[in-house]
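To start, the structure itself, in structure tokens.
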Amino acid sequence: MWRLHLCLLVALAEPFLNSKKTYEYKYEGLVRVGRELPDLVESALKMRCTFKIIGESPQTFVLQISNVDVEDFNGLPGKGVFSPSQKLTERLSAEFSQPIVFEFSKGQITDIRTAPGVSNTVVNIVRGILGFLQVTVKTTQSFYELVELGIHGVCQSSYTVEEDSNAKELIVSQMVDITNCQQPAALYRGMALAPEDKLSKQRGESVVSTVKHTYTVKSTADGGLITKAFAQERQYFTPFNVKGGNSRLLALRDIELLKVSDTTDKIVTGQMQSRGNLIYKTEKDLRPIPVVMINLNEPMPKILDLIKRLAQANIYHVDSASSTDILNLIQLLRVATLENLEQLWKQVSGNDEHRRWFLDLVVEVTDERILKFLETRFKAGDITANEAGQALVVAFNHLSAEPVSVALAQEFLTIPFSKSHPLMWNTVVLAYGSLVYRYCVYTDPCPITVVQPLLDMATSGLSKNSEEDMVLALKALGNAAHPSSIKTLLKFLPGYTAGAEKLPIRVQSAAVQSFRLLASRDPHSVQDIVLNLFVQRTLPAEIRMLACMVLLETKPSIALISVISEVLLEETDLQVASFSYSLLKGISKSRTPDNQHLSTACNIAIKILTPKLGHLSYRYSKNVHLDWFHDDFLFGTSADIYMLQNESLIPTKLMLKGKMHFIGRILQFLEFGFRADGLKELLVGKIPQLKKGITDFATIMNILSDWQNLPKDRPLLTAYARVFGQEAFLMDVREDSIQSIIKSFSPSAGKESKVWEKIQDVQKGTSWHWTKPHLVYEARFIQPTCLGLPVEISKYYSIINAITVKAKAEINPPPKEHLGELLSSDISLHTDGFVGVTKDHFVFHGINTDLFQCGTELKSKIVSALPWAFDLKINRKEQKYEMNLTPIKTVTELFSVKYVFHDFYRSFFIQNNSHDDFTHFKNSEVKFRQCADAKIYGTSVCIEAEAKRAHYLHEYPLYYFLGHTRFSYQLEPAEGAKPIEKIQIQVTAGRKNPPGVSEMMNLSHRVFKDLDATPESVITVKALGLSPPAKPLGYEGVAFYLPTAQRDNIEMIVSDVGEEANWKMCANANTDKSQTSAKVKAHLRWGAECQTYDLSMRVSAACQPESKPSIYTKITWGALPSVFTMIGQRIQEYMPGISYIMGFYQKYEKNPERQAAVTVVVSSPQTFDMRVKIPEVVVLRIHHMSFLFQIYHNKSHHLSWKLQESPTY
């Protein structure tokens, strides 16, 4: 009987709305952002209302919302109260007062319609209210899973159904997996170039979300009636690992049925427009930037005002107070129309400062408007090639990758202005390839039409046999990484296409490297191609080395690694062997998650290969890999240096690459590379010794200065740069560039030289100012909540660079015919200015709408500034140089770091309502200030630090940052010091017997009268504080070179300048020239007349036929300052631990108290043993540590170092 009752109950439980009824509910939505720990500030928003659902037809219903009340909170939970948000309540009430129509059938909402003026924010809140109706109740199962549509998208839901037979109700629980939706409503922006690292996510997550709904469904004659609906959504976020503390967002939605009545009056709805189904809709332009909130109405005058204010504020210094205004300016530019942008251009283009600020920031309009604006500029030719290149590379890389944007961007490949300058043409092509890559990240399958122009360029370059065109097209195809480009790339690879082996090595190299990004998109295809290249021993070594590099970027299996090992065991090309082995060795020690499995395979391979290849030196091609990763922070970095060589010490190719691993993603931040084929061939041809590793710098410079013999058919040097994994810069240095530079700076250069023109300008007085504001990255993750409010995680990083230089020179006599005349002139130069940079970084987690923001925010600001003002006098004839600096008169901050981590609530109507996230516990505030005075120069160097912290510091990494922190390094006028008029630095080179030499020589305690050489001062330096009529104060230093037949001696004396000053520092060093030994001695004394403290060091090398070569170093000391003694005690204290970590062992032994010694004995040409003695401890390591270089001793019993020529078999 009870089973029959249950079946009847469940059959009537499917949610149903009667079109002849009116249902009245009360609603309460709450969102809180904070931490789950007590006594920490949080921000919150609460909205209450009542709503009616009125039937209009069997499937059409009207939603009426009334009695809206909004309150906000920002403070300590339990100690504060919610405050009425009156203006926000009025704004929402006005929009909610308009009727909303929706289609509902069988528990599914299929369409929502509103009046045209209802904002997207309000429609999404409506979706959150109506979401309680979107529930599937199965009549035959108590547990089931479905993929169904909801506000989060089309996602997996897990249901459980329980019966309350007494109340004739079903309790339905629904868990929604919003992390793996088939059609997610969540939006990613700015992360296409930072691919996910799934192995990192196995170690921890930076974002965790859970959604649970609970429904009470009452059985009625019509069907199931939802009487209660409760939703709870949690999202935990941290820039690190959520297990180590996090920011928590809690969204609660509570709906309860008040009454059901018959519908009496029909609602007049008027004109309506469809707003889609229940899935959350994001604004196309993502208008509200979460870290700022401004009124975006009438943007034109506000844009002009901000440009003028920012330009003016950053002329004489970097104005850190206004640096965040660039985000305000970007937000205003994004709401401007194309016509607005054209009007703005007309108003700012005539002013260099305003023009530059506008062009640098208008590129953050990330849709088709910026492309149309730049297209107009390119066709009109009213911007320079430099301006165009800078604007286009940022615009293309920050552009929202939509079909219309890609189509418009293609047009730039055909505009003649794009080809007006080689560097700009490179920029256009490479940037288009980057845009294609980002477009294909979110478009699957990616149409071949977007990459077709680049495929055509590559094919055209091949048919014309144009090396430059082929390289550029291949690099752009590498940026695009379109799977359909593989067929074209194979045309440039030997072994795949007939005749490809005849292509220049530079072209083949570019073709191989074009597979680097494809390695992650289509790893199996790439593995087949590059493995085939690697095993072909007839191919050039460079191609095989690059193929191995790309192969390892595909994360090959242990089987493939074993194939590489087998090839290397039989390898005869030592360049390929050395490079490949070093690649495997670097990965074998890797600790980053992406190499987790690969490092194990490489470790096995290294054990097999080390006996044969482990001793190859740095004469051969190498990869150096360094990395680290911290699981608690889910953060790490890695760096690689690739040196590809071929027969000579000049690298064929040099690459430096750095990556960041954070929040489960990998970002290849920067990469620089150089290719020196032309330079290498030129020098090796002229200097055959280069093949043996011998370099003559003077000879190299003479060859380069003879520009007429430089090759004209190929670049001497090619440089490139990758940003975020995309090649953004490519430049060839050719014969004409070298020729132009050498001619301009040649002493024989005359009035036609650009340098001459600049010198004339400086004599008249010149100034130069440059600024570069730049939004480095904008990364946003937006996900709907059950309330219809968007929770957002955003990261912004912006920079303002600025430099101002003023200079005026007097030249006597001035040059009349050529630059060489300057060498016999007296030059006086006055210059002042500054160089500075401000870096702002924001991390946001919370609710972000155009009406209010509520969340947690980390703001950091780093400011570096270097002002200067000095006079410089140069007398080249007499080798005299003098610099006069103006002492600091006010506090001048050279470097500062400031960050604050707080919760806040901002409203469009009431802004700047925020609280610092720390609580006033005892010892929660720390202040520190330390100054080092240089009173003789009237200046102090000060360090200040201030920190206000919350508790729980020791438990979670995130909470290290809670609160406020400030650190600064600054110059200040010294307290209690006499006023200083100027600081003077004098440098005199090559003078003999300067004033005061005899007196200082007597203080050096050296027996100079026994030397056969006359003391010669190499250089004299004075640093004085001048305050007339008082005598100068400061320091004077003199260096002497004192050669004899047996040894070279260097003497340096530094003394305190002043009538009663007796502080001096005396240092001397000598090198034994004898053929039977190699000895270096150094002695340092300082204090009153060089008598107070002393320290000496002796280094000797022994190399006798009957014994092993060795190097012996001994340091002895007498009296030392207390700080030196303290450091020595600390070293002795930590020596046991340090020696253990480094693999040494130790024993206790009574040694001289004031002596330390290190002995290194060469145990083989590749290894050495080490012995360290300090007071009371002897530390030894006899484990044959490896040299980077092979060591020999010759017939004269001298040690010599030589790069290893071949491995030990």
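The values are calculated or read from the model by the stated rules, or taken from the named source; none is laboratory data. Values in this document were obtained by computation on a predicted structure and should not be read as measured data. Don't worry about glycine lacking a Cβ; one is built from the backbone with ideal geometry, like all the others, and counts go over all protein chains shown. Quick note on the areas: whole protein, heavy atoms, side chains included, nothing else; ligands and nucleic acids left out. Shrake-Rupley method; radii C 1.70, N 1.55, O 1.52, S 1.80 Å.
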Starting from segment 201-268, pick out the GluC sites (Glu not before Pro) whose DSSP state is loop and whose Cβ has at most 11 other Cβ atoms within 10 Å. none
With respect to the cross-link table entries K889/K1022; K555/K839; K859/K982; K816/K877; K808/K978, which display a Cα-Cα separation exceeding 28 Å? K555/K839; K859/K982; K808/K978
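Quick one: order W868, W768, W345 from most to least accessible surface, probe 1.4 Å.
Descending accessible area places them as W768, W868, W345.
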Using r as the Cβ-Cβ distance of K1150 and S1100, and R0 as 30 Å, what FRET efficiency do you calculate, to the nearest 0.05? 0.80
C-alpha center-to-center spacing [segment 1087-1132, segment 333-378] in angstrom: 65 Å
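So, R0 is 35 Å and r is the distance between the beta-carbons of I910 and A947; what FRET efficiency does that work out to, to 0.05? Mind showing how you got there, number by number?
Values: r = 30 Å, r/R0 = 0.85.
After rounding, the FRET efficiency stands at 0.70.
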K589 accessible area, 1.4 Å probe, all protein chains in place, Å² to nearest 10: 130 Å²
Where a Cα-Cα gap under 19 Å defines reach, which lysines qualify for K372, not counting those fewer than 8 residues away within the same chain? K284, K346, K419
Highest mean packing first, using Cβ neighbours within 10 angstrom, the peptides 375-382, 262-269 sort as 375-382, 262-269
Label-reachable residues, segment 420-457, where backbone N falls under 20 Å from a point 7 Å from I486's Cα toward its Cβ: 436-456
Work through the residues other than V1057 whose Cβ is under 12 Å from its Cβ and net out their charges, Lys, Arg +1 and Asp, Glu -1. -1
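Could you tell me which of rounded, prolate or oblate describes segment 352-393, using a ≥ b ≥ c as the square roots of the eigenvalues of the alpha-carbon gyration tensor, with rounded for a/c under 1.5 and, failing that, prolate when a/b is larger than b/c and oblate otherwise?
On the way: a/c = 1.68, a/b = 1.11, b/c = 1.52.
Cα axes put segment 352-393 in the oblate bin.
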Given just the C-alpha atoms of the chain, how large is their convex hull per residue in cubic angstrom? 245 Å³
Heavy atoms of K1147 accessible to a 1.4 Å probe, total area in Å² rounded to 10: 90 Å²
What distance in nm separates the two pseudo spin-label positions at N603 and A498, each 7 Å out from Cα along the beta-carbon direction? 5.0 nm
From Cα pairs below 8 angstrom and at least 6 apart in sequence, can you work out the relative contact order of segment 289-368, rounded to a whole percent? 38 percent
May I ask you to list the aspartates and glutamates whose Cα is less than 17 Å away from that of K201, ignoring any residue fewer than eight positions away on the same chain? D177, D594, D631, D632
Need the C-alpha centroid separation for segment 169-201 versus segment 93-116, integer Å. 26 Å
Highest mean first, what order results for 725-736, 817-828 on Cβ atoms within 10 Å? 725-736, 817-828
Pulled fully out, how much extra length does the chain show between S19 and K772, if you take 0.36 nm times their separation in residues and subtract their Cα-Cα distance? 264.8 nm
Too long for a 32 Å Cα-Cα cut-off, among K46/K259; K880/K1064; K475/K806, are K475/K806
Need the full-extension length gain, K743 to K898, defined as separation in residues times 0.36 nm minus the C-alpha distance. One decimal, nm. 51.0 nm
Simple spin-label estimate for M175/K927, 7 Å along Cα→Cβ, in nm, reads 5.2 nm
For K20, give me every one of the aspartates and glutamates with a C-alpha distance below 18 angstrom, ignoring sequence neighbours fewer than eight places off in its own chain. E56, E103, D222, D262, D265
Using label points projected 7 Å from each Cα along Cα→Cβ, tell me how many nm separate S562 and E882, to one decimal. 7.9 nm
Whole-angstrom gap from segment 723-754 to segment 252-269, using each part's C-alpha centre: 76 Å
Not counting ligands, DNA or RNA, and with a 1.4 Å probe, what is E882's accessible surface area in Å² rounded to the nearest 10? 40 Å²
Could you work out [θ]222 nm for the chain from helices alone, using -39500 (n - 2.57) per DSSP H run of at least four and dividing by all its residues? Round to the nearest 500 deg cm²/dmol. -8000 deg cm²/dmol
Solvent exposure, largest accessible area first (probe 1.4 Å, DNA, RNA and ligands not counted), of R1154, R544, R48: R1154, R48, R544
By accessible area with a 1.4 Å probe, ligands and nucleic acids excluded, highest first: order of K302, K1064: K302, K1064
Diffing segment 145-160: the Karplus 3J(HN,Hα) column from phi (6.51, -1.76, 1.60, θ = phi - 60°), in whole Hz with x for Gly and Pro, holds 10, 9, 9, 9, 7, x, 5, 7, x, 9, 9, 7, 10, 10, 10, 10
